[in-house]
Amino acid sequence: MSVGLVAADCRRLCRNSNYGKGTLTTMNIAVLGGGAMGSVLSQMIEEREGMQLAGVVDPLAGDTLEALAAEPDVVIDFSNPANLEMLSEYCRAHSCPAVIATTGFTQEQTEKIKELAQHVPVVFSANYSLGINIMKRVIAEITPLLEDSFDIEIIEKHHNKKLDSPSGTAKMLLAAADESGAYEHVYGREGNRKRSREIGIHAVRGGTIAGEHTVMYAGTDEILEIKHTAGSKKIFASGALKAAAFTADAEPGFYTMEDVLFG
């Protein structure tokens, strides 16, 4: 398989008087979400050359995007689906791109995100790590070669404070493994039943696990496992910053990390 990675071009063009004229400048980034991911992301922005923190908005503390002292060039959302309305209204009113890293959206909310993308650039992904997005592409490539003789299972593990299950990343990997929609999706197992043409999806919650995802192909006398383990939250923040840089000169539209990484 040939995967042509597109390097981040570092042309951080602000939506100000220099925007669209090819002038290098500093990208002002607002962080929506005051939790652990927000803290990690804020620190990385302050350490990243060519980027600066426009502010951290913590809705749980009553903060709003409209209260930001400086207008950002992009908002990165690591918060909660409940904040989508505020994010959407702000980005539309200020023509501000959005990088959405929150998971657990309903189908209706996902449609609202796509509607927002008609007005501003929006990058939306369940997982912003480079490794996971490479894994997703590998899964899509190899599943058609193995599906007739291997059973497929997806196992994900996360910390005990994660609310949604299975994880958005597990759903993303499931979609990559079942692009044709030919499988039954079985979430956990209980009772007595024969296995059909199905993919099992299993969620584990405990401790401080940053994130672990395994796609297992079990055949006769052999097992192939493709596994990704997150060592810290920094890998997600790093990917989100890469996506933020991508939005600087992107046209309004709905993008994923595959667009950011592979073009």
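Restricting region 113-151 to residues that are of a type in the set (S, T, N, Q) and at pLDDT 95 or above, the residue that is least open to solvent (accessible area, probe 1.4 Å) is 143.
Scanning region 205-239 for residues that are out of contact with any strand residue (DSSP E or B) (no Cβ under 7 Å at 6 or more places or on another chain) and β-branched (Val, Ile, Thr), we see that the one that is nearest to residue 147 (Cα to Cα) is 220. Is it the case that region 102-112 has a residue that's open to solvent by less than 50 Å² (accessible area, probe 1.4 Å) and either among the aliphatic types (A, V, I, L, M) or touching a Lys or Arg at 6+ places or on another chain (Cβ under 8 Å) (or both)? No, region 102-112 contains no residue that is open to solvent by less than 50 Å² (accessible area, probe 1.4 Å) and either among the aliphatic types (A, V, I, L, M) or touching a Lys or Arg at 6+ places or on another chain (Cβ under 8 Å) (or both). When the residues of region 155-196 are filtered to those that are of a type in the set (Ser, Thr, Tyr) and open to solvent by less than 30 Å² (accessible area, probe 1.4 Å), the one that is modelled with the highest pLDDT is 183.
For region 136-177, name all the residues that are aliphatic (A, V, I, L, M) and assigned to a loop (DSSP other than H, G, I, E, B). Passing the criteria: only 163. Search region 112-133 for residues that are among the basic types (Lys, Arg) and pair each with any residue that is not in a helix (DSSP H, G or I) when their beta-carbon atoms are under 6 Å apart and the residues are at least 6 apart or on different chains. From region 112-133, the pairs are 114/254.
The values are calculated or read from the model by the stated rules, or taken from the named source; none is laboratory data. None of the values given here were measured: they were computed from a predicted structure. Here Cβ is always computed from backbone atoms with ideal geometry, including for glycine, and neighbour counts include all displayed protein chains. In case anyone asks, the SASA skips ligands and DNA or RNA and just uses the protein heavy atoms, side chains included. Shrake-Rupley method; radii C 1.70, N 1.55, O 1.52, S 1.80 Å.
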